[in-house]
Amino acid sequence: MRFDWLWAQKDAIFNLLCWHLYLSVAPVLIGLILAIPAGILIYRITRLKNLLLNMLGLLYTIPSLALFVLLPGILGTRILDTLNVVVALTLYAFSLLVRTVCDGLDSVSEDTRQAAVALGYRPLQRFFLVELPLAVPVIAAGMRVVLVSNVSIVSIAAVVGMPQLGALFTQGFQLHFLTPIIAGIVLCIALALILDNLLLLGANRITAWKPTRSGR
């Protein structure tokens, strides 16, 4: 490891880290915003639910590099436009989070729904005040998987010239220099761990009503 090189490149590396953070988080948030109403709709269409979820799941099987290359032609953007990466990663996040939203709603027992009806909750009130909060643990678990996956997938965008930590991998490969590669791997792992723990902390705050398990 050449720590003198890392120190000399600290500003550039920090800039790459910020881009990596943005490209990892923004698509997940956008994907969640889109997945909640789509998941609710698909959940209500019980006969077609599995078919629709399987069709959406196929989006995740599209190779990311191919998607990065195809999207400029579809969106009318330049090959190096950040929008291409955001849209591609949003599609991946959306395809996974829709199923997560449906699974979260499935986790709410029918007894709980009936109790809410008995207490006078209207359908919209019941969803936002009872069903969605109870589905949060399952949705948060799915978001953790998607978020950590995004941190890894983002690095592939370096192949099409997008600035983020993956650029350290291509730089190290081109120069036959291990220091940037190791630095990129360590920063990606650290970023994934930090984001995962922040999301877990946020989910625990939102679901503070859940009983804690007492250790023995």
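The values are calculated or read from the model by the stated rules, or taken from the named source; none is laboratory data. Note that the coordinates shown come from a computational prediction; the quantities given were computed from them, not determined experimentally. Please note: Cβ atoms are built from the backbone with ideal geometry, for glycine as well, and neighbour counts cover all protein chains shown. Keep in mind that these areas ignore ligands, DNA and RNA; they rest on the heavy atoms of the full protein, side chains included. Shrake-Rupley method; radii C 1.70, N 1.55, O 1.52, S 1.80 Å.
At a glance:
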quantity: Histogram of C-alpha separations across region 75-197, 5 Å bin width, %; calculated: 2, 10, 14, 14, 13, 11, 10, 8, 6, 5, 3, 2, 1, 0
quantity: Calculated volume of the Cα convex hull per residue in Å³ (choose from [x] 109; [y] 164; [z] 183), label; calculated: [y]
quantity: Span from the region 95-152 Cα centroid across to the region 171-207 one, whole angstrom; calculated: 28
quantity: Accessible area expressed per residue, the chain, with surrounding protein chains retained (probe 1.4 Å, Å²); calculated: 58
quantity: Rounded percent of accessible protein surface that carbon and sulfur make up, region 1-110, 1.4 Å probe; calculated: 70
quantity: Largest-first ordering by accessible area, 1.4 Å probe, given options K10, K49; calculated: K10, K49
quantity: Two-site label geometry, Q114 and R78: point separation in nm, points 7 Å out along Cα→Cβ; calculated: 6.2
quantity: Ranked by how many other beta carbons lie within 10 Å on average, peptides 182-195, 159-172 from highest; calculated: 159-172, 182-195
quantity: Spin-label model distance (nm) - L58 vs T46, 7 Å beyond Cα toward Cβ; calculated: 2.6
quantity: Region 25-123: radius of gyration and largest Cα-Cα distance (Dmax), Å; calculated: 17.1, 56
quantity: Span-like helix ranges in the chain, DSSP H, alpha carbon extent 18 angstrom or more, Kyte mean at least -1.0; calculated: 10-44, 82-106, 132-154, 178-206
